[in-house]
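Just below is one structure, and these are the notes that go with it.
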Amino acid sequence: MKNEMRVEFDAKSVNEGFARVTVAAFLTQLDPTLDEVADVKTAVSEAVTNAIIHGYENREGKVYLACTLDGDTAVITVEDRGVGMADIEKAMEPFYTTKPELERSGMGFAFMEAFMDDLLVESKAGSGTKVTLTKKIGQREEENQDGCGDSSY
C-alpha cells in the first residue's frame with residue numbers, strides 16, 4: 001500500500017523539530033523500531049537544517065517536505081529553493097562546511113548517509129537543493145529473526 005504526505009513550512013530553525021515529528025508520526029504506520037524512528041528523525045533534522053542555514057542562508061523562504069511510504073520503504077524529500085550548490089561532491093565531504101563561523105561541523109550529509117539506506121542530493125547553483133532520503137523499515141527485525149543480526153551465539 002502506498003501513502004503520501006506533503007508539507008511546506010517557513011525556513012526557520014524553530015520548524016526543524018516540527019519536520020522531525022511530522023515524519024516520525026507519518027512513519028508510525030509502518031511500525032518502526034525506536035532506533036529506526038531515531039535514525040529517520042536525525043536524517044530529516046540534518047536535511048531541514050541544511051535547507052534553512054545553507055539553502056536560504058537564514059533568509060525567508062519555504063522548505064518543502066514530502067514522505068512516501070511504499071510497502072516497507074519510506075522515501076523522504078526535503079527541498080528548498082535557495083542558493084543551491086555548485087559542487088555537490090565537495091559539499092558532501094565529511095567536515096566540509098561553508099559556515100565555520102556558525103560552528104557547523106560539516107557532518108550533515110555524512111549523518112544522513114549513515115542513518116539512511118540511500119541518499120540522493122540534487123542541486124543547482126541559484127535554484128535550490130533537493131535531498132531524497134530512503135529507508136527500509138523493519139530490516140533489523142528480519143535480520144534478528146533469521147539469526148543474522150544476533151551475535152549472542
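The values are calculated or read from the model by the stated rules, or taken from the named source; none is laboratory data. It should be emphasised that the depicted structure is a prediction, and the values quoted were computed from it without experimental measurement. Here the Cβ positions follow ideal geometry from the backbone for every residue, glycine too, while neighbour counts run over all protein chains shown.
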| query | From the set of residues in region 58-73 that are within 15 Å of N15 (Cα to Cα) and among the charged types (D, E, K, R), which is surrounded by the fewest Cβ atoms within 10 Å (Cβ to Cβ)? | reply | E60
| said: Looking at (1) under 23 Å from F18 (Cα atoms); (2) at pLDDT 95 or above; (3) in contact with a helix residue (DSSP H, G or I) (Cβ under 7 Å, 6 or more places away or on another chain), which one does T134 not meet, given that it meets all the others? | reply: (3)
| remark: Going through region 71-103 in order, the residues found to be charged (D, E, K, R) and either modelled with pLDDT of 85 or more or under 17 Å from the mean Cα position of the chain (by Cα) (or both) are D72, E79, D80, R81, E93
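If you take the residues of region 17-45 that are acidic (D, E) and surrounded by fewer than 18 Cβ atoms within 10 Å (Cβ to Cβ), which of them is nearest to the chain's Cα centre (by Cα)?
D35
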